[in-house]
Each structure stands twice: as C-alpha cells, then as structure tokens.
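Here's the structure we're looking at; comments come further down.
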Amino acid sequence: MINKPSRALARQKRHQRIRNRVKGTAACPRLAVFRSNKHMYAQVIDDAAGNTIVAASTMESEIASKVEFTNTIEAAQAVGEAIAKKALDKGITEVVFDRGGFVYHGKVQALADAAREAGLQF
C-alpha cells in the first residue's frame, strides 16, 4: 500500500529548509507569508530581536472591505499593498522574502508583486 505524506507536513519541512537560510535583521527584516484556505497573512519580522514590526491580513476590516472574497489573488494583492504601506510608514524599505514553504505561484506571487510595486525592495 502506498503511504502518501501529509501536504501540511511537507510544507512545514520546506519552510524549515527556507528558514535555515533566510534570517531577518533590524536593517533588513523578513517578510513572512502564510496562506490558509480562507485568508492571507503577511508579517515583517525582526528575527534578531524576535518581534513582529508590522502585520497585515485579509481579516482586517479595511482589507476585507476592499475585496469580495478573502481567499483570492485580488485579496493577496490587497494584503501586499497594505503590508508595504505599513512597512514604508515605519521606515522599512528593504526586506527578505519568506514564502513560508508555499510554492511561489498564484496568491503568494501576487502578494510579493504587489508589495514590490508599492515600494518594498526584495
């Protein structure tokens, strides 16, 4: 009998491999992305200090009111624009991108492209 590994467990293993290489500092924090079935989340994290600097998600009312559904590419673009605006307000212009073990395609790519267009560099 074929025993398939869990997709969630495989994503977590990919994320750990990525996290071994990607570190956020105060000068260049980490833009971490998480995607669930219903929502999209993004945080800018300073790993040296161990704190989240800014965060945005489709659960916030100003983002959820802009989009019809919170699990679409358009919603991911709204989160990317919001996280970039919040980061630029805090004086952060450059980040390293952490895709969280997700494939860089679709919603994750849309969030990254929107953040780049809004002014973040990575």
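Structure values in brief
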quantity	calculated
T58 being without any contact (Cβ under 8 Å) to a residue 60 or more places away in the chain, farther than 14 Å from H39 by Cβ and of a type outside the set (D, E, K, R)	no
Test: residue in segment 91-99 that is free of Cβ contacts under 8 Å to residues at least 12 places away in the same chain and closer than 14 Å to L120 by Cα	yes
Whichever residue in segment 61-85 is under 15 Å from M40 (Cβ atoms) and charged (D, E, K, R) and, among such residues, is surrounded by the most Cβ atoms within 10 Å (Cβ to Cβ)	E81
Filter result (of a type in the set (V, I, T) and over 21 Å from R7 (Cβ atoms)) within segment 71-122	V79, I83, I92, T93, V95, V96
Per-region count, segment 44-59, residues farther than 22 Å from K23 by Cβ and open to solvent by 40 Å² or more (accessible area, probe 1.4 Å)	1
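The values are calculated or read from the model by the stated rules, or taken from the named source; none is laboratory data. This structure is a prediction, so every number in the text was calculated from the model and none was measured. Using ideal geometry, Cβ is built from the backbone for each residue, glycine included, and neighbour counts are taken over all protein chains shown. When the accessible area is computed, the model is the full protein with side chains, heavy atoms only, and any ligands, DNA or RNA have been set aside. Shrake-Rupley method; radii C 1.70, N 1.55, O 1.52, S 1.80 Å.
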